[in-house]
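J.: Below you will find the structure I want to go over with you.
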Amino acid sequence: MLLFSLGFLFIILQPSTGQFPRVCANVQSLLSKECCPPWDGDGSPCGELSNRGSCRNILLSQAPLGPQFPFSGVDDREDWPSVFYNRTCRCEGNFMGFSCGECKFGFSGLNCTERQVKIRRNIFQLTASEKNKFLAYLNLAKSIPSQDYVIATGTYTQMNNGSNPMFRDINVYDLFVWMHYYASRDTLLGGSNVWRDIDFAHEAPGFLPWHRVFLLMWERQIQRITGDENFTIPYWDWRDAEDCEVCNDEYMGGRHPTNPNLLSPASIFSSWQVICTRSEEYNSQQSLCSATSEGPIRRNPGNNDKSRTPRLPSSADVEFCLSLTQYESGPMDKMANYSFRNTLEGFADPQTAISNPAQSSLHNALHIYMNGSMSQVQGSANDPIFVIHHAFVDSIFERWLRRHRPMLEVYPAANAPIGHNRENYMVPFIPLYRNGEFFKPSRELGYDYEYLQEPALQSFQDFLTPYLQQARQIWPWLVGAAVFGGIVTAVLTGLIRACRKKKAGTSSEIQPLLTESEDYNNITYQSNF
């Protein structure tokens, strides 16, 4: 009955966040390189008649990139999304979406003026009905096709530069699996050649902001297809866990009784089929993942290579990571030392922060520990544990932001690996999001974590928020008034002093001069503002 009700809601509610908008996956849009669909509310492109947005040229970052990718013009993801589109909707105010038909994260209401903060909770703190609803939502997303988005099954060159579109439908859950694959796939260089040292979502500064956006979009998709606007992703707090606590049929699926690499038949996830897991096959064929089924989810937690990942992360690992003051350092990739990002991602030792890619800790440790579908980067999102794991990783990122309160300038503006500079757009999201836009506290994006809430302090901050927003709007006028007042004060002060000198009747010609015998050390210079 629950699934029937959810299916009915899907018919009347359309999802609206993802990768290639269906309305732009056609010859006309690709050849014109324009993706500015009409907003349903007024029928104008980007809702321009309602002042929601307008169709504008994409502004690409010109900041230099790091040396990790020594090519140019060989990958559709370079300068995303300019290979496919160079004009998209630029939304105004709190509007968002590929047609400016949505509200920004953290806002709601008819005109997107109502602020909201939703709480992500520990999966073990959910009631039985809340937990079962979450599992049902996951299963629903796996069975319902995305209404607004399609995926690319060929490169732009294979599409004959847009004259032969190659797209296909995909279900809501697999849409996000495919996006994770597409961001992390190898570059196809022709023949049997590929370039593996490239990843638009991992091993660089954008790792945490990219997955933050990924979860926000995934969360909103579930809200859309279910009609449950209060839904939030639960998190799995895996600190000091001795085994996979969620790997049972009550939660994310237990072990198969006869095949330890598969899920228990009693789990709803045992019937799921994975996609985008055969990277070597795609590389040899110089093709993209077409999202065809490639078998069941594989998972054998704890039977991983212990020399690489001897244990799950501890509380001490997390606390040491949080103590690191630098967000990024050195080459800004998996070889970075004393980098909070690299340590949390799991390429640096959680006790020294020295890079050691041969070991997998913190975030990476969970992926390796699962010893299955989740352990291969490109297809890791196939396992539904992915979302509850990354929700907790995001909470650690949030703790670091609150503890160190970094300015936006802390996020690297230049010389990061391709796609990871502050002003780069994240691959493969449309609407467009820049890395730096999500380097800020989660409450500004409309969500918080149950275990991080500070009620008294936050209520005071919520009280101040509207006044601070008004101050931001008028600060240029305040600065201008201050400068003008300073000039007027300086002029008046000069006139008064001149009048006093004239009144005293003493000219500069008869004033005594300083002599060599006078003590220059006793002369004090004071400036007044």
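J.: Got at least one residue in the stretch 315-327 being within 17 Å of residue 242 (Cα to Cα), open to solvent by 10 Å² or more (accessible area, probe 1.4 Å) and at pLDDT 95 or above?
T.: yes
J.: Quick one: which of 178, 80 is out of contact with any His (no Cβ under 9 Å at 6 or more places or on another chain), part of a loop (DSSP other than H, G, I, E, B), in contact (Cβ under 8 Å) with a residue 24 or more places away in the chain and not aliphatic (A, V, I, L, M)?
T.: Of 178, 80, the one residue that is out of contact with any His (no Cβ under 9 Å at 6 or more places or on another chain), part of a loop (DSSP other than H, G, I, E, B), in contact (Cβ under 8 Å) with a residue 24 or more places away in the chain and not aliphatic (A, V, I, L, M) is 80.
J.: Being out of contact with any Pro (no Cβ under 8 Å at 6 or more places or on another chain), farther than 26 Å from residue 317 by Cβ and not in a loop (DSSP other than H, G, I, E, B) is true for just one of 219, 229. Which residue is that?
T.: Testing whether each residue is out of contact with any Pro (no Cβ under 8 Å at 6 or more places or on another chain), farther than 26 Å from residue 317 by Cβ and not in a loop (DSSP other than H, G, I, E, B) leaves just 219.
J.: In addition: Here's a check for you: in the stretch 275-310, which residue that is out of contact with any strand residue (DSSP E or B) (no Cβ under 7 Å at 6 or more places or on another chain) and closer than 22 Å to residue 136 by Cα is least open to solvent (accessible area, probe 1.4 Å)?
T.: Within the stretch 275-310, the match that is least open to solvent (accessible area, probe 1.4 Å) is 275.
J.: Right, another one. All but one of (1) modelled with pLDDT under 95; (2) open to solvent by less than 10 Å² (accessible area, probe 1.4 Å) hold for residue 357; state the number of the condition that does not hold.
T.: Condition (2) is where residue 357 drops out.
J.: Further question: Determine if the stretch 63-84 includes at least one residue that is buried (at least 19 other Cβ atoms within 10 Å of the Cβ) and closer than 30 Å to residue 109 by Cβ.
T.: For the stretch 63-84, residues buried (at least 19 other Cβ atoms within 10 Å of the Cβ) and closer than 30 Å to residue 109 by Cβ: present.
J.: Here is a further query. Collect the residues in the stretch 42-52 that are at negative phi and touching a residue at least 24 places away in the same chain (Cβ under 8 Å), keeping them in residue-number order.
T.: Hits for the stretch 42-52 are 45, 52.
J.: Moving on. If you go through the stretch 194-219 one residue at a time, how many are surrounded by fewer than 21 Cβ atoms within 10 Å (Cβ to Cβ) and of a type in the set (Lys, Arg)?
T.: Number satisfying all stated conditions: 1.
J.: Moving on to the next point. Please enumerate the residues belonging to the stretch 298-332 that are under 15 Å from residue 347 (Cα atoms), of a type outside the set (A, V, I, L, M), assigned to a loop (DSSP other than H, G, I, E, B) and touching a residue at least 60 places away in the same chain (Cβ under 8 Å).
T.: Correct list: 308, 309, 313, 327, 328, 331.
J.: Go through (1) of a type in the set (A, V, I, L, M, F, W, C); (2) farther than 30 Å from residue 163 by Cα; (3) outside any loop (DSSP other than H, G, I, E, B); (4) in contact with a helix residue (DSSP H, G or I) (Cβ under 9 Å, 6 or more places away or on another chain) one by one and return the number of the condition residue 55 breaks.
T.: For residue 55, the failing item is (2).
J.: Restricting to the stretch 93-145, what's the tally of residues that are in contact with a Gly (Cβ under 6 Å, 6 or more places away or on another chain) and either at pLDDT below 95 or open to solvent by less than 20 Å² (accessible area, probe 1.4 Å) (or both)?
T.: 3
The values are calculated or read from the model by the stated rules, or taken from the named source; none is laboratory data. These figures come from a predicted structure and were not determined experimentally. Using ideal geometry, Cβ is built from the backbone for each residue, glycine included, and neighbour counts are taken over all protein chains shown. What goes into the accessible areas is simple: the full protein's heavy atoms, side chains included, and nothing from ligands, DNA or RNA. Shrake-Rupley method; radii C 1.70, N 1.55, O 1.52, S 1.80 Å.
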